[in-house]
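**Student:** First, the structure itself, so that you have it in front of you.
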Amino acid sequence: MFRAALLSLFAWVALVGTGFTQNTPPASSNVGADWASRKSAWLLLNESQRNDVENFAKDYKQYMSAAKTAITSTHEVLRMAKAAGFSEFTNPGQVKPGARLIFVNRDRALILAVIGSEPLTGGSHLVGAHQDSPHIDLKARPVYSAGDGAFAMFRTIYYGGIKKYQWSNLPLALVGRINTVDGRQIDVNIGFNSGDPLFVIPDNAPHSDTELRTRIYTDVLKGEELDPVVGNEPLAGSDKNPVAAEAESVLTSLYKIHEEDLVSSELALVPASQPRDVGLDHSMIGAYGQDDKLSSYCAARALMDTSGTPRHTALAYLANFEEVGSVNNTGAASAFLNSIYAEIAGAQAGHGYNDLDLRRALHNAEVISADTNDGINPIFSQTSEASNSAKLSYGVAVKKYGHGFDATSELTARMIAMLDHNSIPWQTQTPKVDVGGGGTIGGFMSREDMNVIDFGIPLLSMHSPYEISSKVDLWNFYRFMKAFYSSSDGTGTKSDGQ
């Protein structure tokens, strides 16, 4: 009873701090409930909302079917955004209240913006996420002969934090882009169309793996062993490595390229599976790349569904390369975000613009760094600290890391008040001390003096070739972002469930 009273007091304080003491949530809400009595978000839905959950999940799966890499995600988001009335930015004259603009960064990252009624220097609401996911890249000279000349293989290098053994014996597709010295740009997609061949990294059979059985968990397959079989038929008349020569000939003939053109390519192996419902109750979604295309989709879709002109400019920032440290000029560590803030602030200020306008705009920005997190695993529950770890279907997760990585208490209180005000279920996520961890792109924006808080929703089998999310968490994450974009005081407008 004491804990329930204390939580109620905290909720009241948060609401008072933002000027909202009315609009009491429905009795079925988790707001103010003791943690132990909080319900699955499925139990908080009415029939209309259940339909909304299913429809949103259907749209999400369609996006995930197309968005296999940062490039293909960018293309799919661009298609969706243009259908929703967004236009690519070309000149400062477009920056007017209510304008819906697209800023593309080299086809691999982008920012969507809805320009607010007030100047950017007075504040903005940004959701940042990343579009890249762990995968396996091809090396610059990928084709080689193996198995005493019987096989052609691809040489690879893995990208992001993976458990390497999970990628063996798995149907893989080859996707990406080749740019040639004669100026052509070729999109590659082998494995997702009917009749396409697939690629497989072969494991050893239990009949002959005795000397491999002492390998430790993380080295069942080593990095240089993540090579798929790509051919077995020799090229007639070839004197040197005829099987590799045939595979290379097929690839270069198919795309009318030379072997050297593979050096200027970005080709990746990804699971050839497509998104599907998981569970007898269809309550979950299984798909490759949900970390973090899930957050990217929610951020972009919520902004597309935001109507009218918000008080503060609302932005969705979809970055690249987070899984390897946000490097490169399309990662969150680049100057891209600052440049777009300068572009908008400069267009609003005209000839009077100076660097202080950018600094004020960044200082007054409120940012949700959105990224999925691992949820409590039903088999390995001992790897989580249950009272502070997120569970599938229990709502949006407020991430608390400690060690100075947390948002300020006042920003956290405003976000919780917004969640409660909109009856959006939420929970917390903190990894076990000295056991796990992770990071988001939020640290890079925080360094620029932006006010940042980390949120996510939990996944099972995170960073595996087939991650699992909850449909109701996905929908509530979207609702949270939509409320954030339209809020003018940190609590958001009361939503109708959309």
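**Student:** For a quick check of your reading of the model, give me the residue pairs whose first member lies in the range 353-370 and is of a type in the set (V, I, T), whose second is outside any helix (DSSP H, G or I) and open to solvent by less than 90 Å² (accessible area, probe 1.4 Å), with beta-carbon atoms closer than 7 Å and at least 6 apart or on different chains.
**Tutor:** What qualifies is V367/L126; V367/G128; V367/M450; V367/N451; V367/V452; I368/V127; I368/I453; I368/F455.
**Student:** What number of residues within the range 455-488 satisfy the criterion of being acidic (D, E) and either surrounded by fewer than 24 Cβ atoms within 10 Å (Cβ to Cβ) or in contact with an Asp or Glu (Cβ under 7 Å, 6 or more places away or on another chain) (or both)? Quick ask: steps written out before the conclusion?
**Tutor:** Filtering the range 455-488 down to residues acidic (D, E) leaves 467, 473.
With the extra rule that they be either surrounded by fewer than 24 Cβ atoms within 10 Å (Cβ to Cβ) or in contact with an Asp or Glu (Cβ under 7 Å, 6 or more places away or on another chain) (or both), the set shrinks to 467.
Selection size over the range 455-488: 1.
**Student:** Moving on. Would you be able to tell me the number of residues in the range 385-406 that are small (G, A, S), open to solvent by less than 20 Å² (accessible area, probe 1.4 Å) and either more than 16 Å from P431 (Cβ to Cβ) or at pLDDT below 95 (or both)? Spell out the reasoning first.
**Tutor:** Residues of the range 385-406 small (G, A, S): 386-387, 389-390, 393, 395, 397, 402, 404.
With open to solvent by less than 20 Å² (accessible area, probe 1.4 Å) added as a condition, the list becomes 389-390, 393, 395, 397.
Those still in the list that are either more than 16 Å from P431 (Cβ to Cβ) or at pLDDT below 95 (or both) too: 389-390, 393, 395.
Qualifying residue count, the range 385-406: 4.
**Student:** With respect to N338, determine if the residue is modelled with pLDDT of 95 or more, open to solvent by 50 Å² or more (accessible area, probe 1.4 Å), within 22 Å of the chain's Cα centre (by Cα) and not small (G, A, S). Write out each step before concluding.
**Tutor:** Numbers: modelled with pLDDT of 95 or more: yes; open to solvent by 50 Å² or more (accessible area, probe 1.4 Å): no; within 22 Å of the chain's Cα centre (by Cα): yes; not small (G, A, S): yes.
When the stated conditions are applied, N338 does not pass them.
**Student:** Continuing with this model, one more query. What number of residues within the range 60-78 are in contact (Cβ under 8 Å) with a residue 60 or more places away in the chain, open to solvent by 20 Å² or more (accessible area, probe 1.4 Å) and over 23 Å from L101 (Cβ atoms)?
**Tutor:** Counting residues in the range 60-78 that are in contact (Cβ under 8 Å) with a residue 60 or more places away in the chain, open to solvent by 20 Å² or more (accessible area, probe 1.4 Å) and over 23 Å from L101 (Cβ atoms) gives 3.
**Student:** Output the residues belonging to the range 39-54 that are in a helix (DSSP H, G or I), hydrophobic (A, V, I, L, M, F, W, C) and surrounded by 13 or more Cβ atoms within 10 Å (Cβ to Cβ). Before the answer, list the steps.
**Tutor:** Start the filter on the range 39-54 by keeping residues that are in a helix (DSSP H, G or I), which leaves 41-44, 47-54.
If we keep only those that are hydrophobic (A, V, I, L, M, F, W, C) as well, we get 41-44, 53.
The answer is A41, W42, L44, V53.
**Student:** Going through the range 66-78 one residue at a time, which ones are in contact with an Asp or Glu (Cβ under 9 Å, 6 or more places away or on another chain) and assigned to a helix (DSSP H, G or I)? Can you show your working first?
**Tutor:** Taking the range 66-78 and keeping what is in contact with an Asp or Glu (Cβ under 9 Å, 6 or more places away or on another chain), we get 66-67, 69-75, 78.
Of everything in the range 66-78, those that are in contact with an Asp or Glu (Cβ under 9 Å, 6 or more places away or on another chain) and assigned to a helix (DSSP H, G or I) turn out to be A66, A70, I71, T72, S73, T74, H75, L78.
**Student:** Determine the pairs where a residue that is farther than 18 Å from K222 by Cβ and open to solvent by less than 40 Å² (accessible area, probe 1.4 Å), located within the range 140-165, has a partner that is among the basic types (K, R) and in a loop (DSSP other than H, G, I, E, B) with Cβ atoms under 9 Å apart, the partner being 6 or more residues away or on another chain.
**Tutor:** S145/K240
**Student:** Among (1) in a helix (DSSP H, G or I); (2) open to solvent by less than 60 Å² (accessible area, probe 1.4 Å); (3) modelled with pLDDT of 75 or more, there is one condition L15 misses while meeting the rest; what is its number?
**Tutor:** For L15, the failing item is (3).
**Student:** Is there a residue being assigned to a helix (DSSP H, G or I) and modelled with pLDDT of 95 or more anywhere in the range 269-289? Working first, answer last.
**Tutor:** Of the range 269-289, the ones assigned to a helix (DSSP H, G or I) are none.
Checked against the condition, which is being assigned to a helix (DSSP H, G or I) and modelled with pLDDT of 95 or more, the range 269-289 yields no hits at all.
**Student:** From the list A57, A36, A81, pick out the single residue that is of a type in the set (A, V, I, L, M, F, W, C), open to solvent by 30 Å² or more (accessible area, probe 1.4 Å) and part of a helix (DSSP H, G or I). Outline the logic, then answer.
**Tutor:** Details: A57 fails: open to solvent by 30 Å² or more (accessible area, probe 1.4 Å); A81 fails: open to solvent by 30 Å² or more (accessible area, probe 1.4 Å).
Only one candidate passes the filter, namely A36.
The values are calculated or read from the model by the stated rules, or taken from the named source; none is laboratory data. All figures in this text were calculated on a predicted structure; none of them were measured in a lab. Here the Cβ is made from the backbone with ideal geometry for all residues, glycine too, and neighbour counts use every protein chain on show. Calculation scope for accessible area: heavy atoms of the full protein, side chains included, ligands and nucleic acids excluded. Shrake-Rupley method; radii C 1.70, N 1.55, O 1.52, S 1.80 Å.
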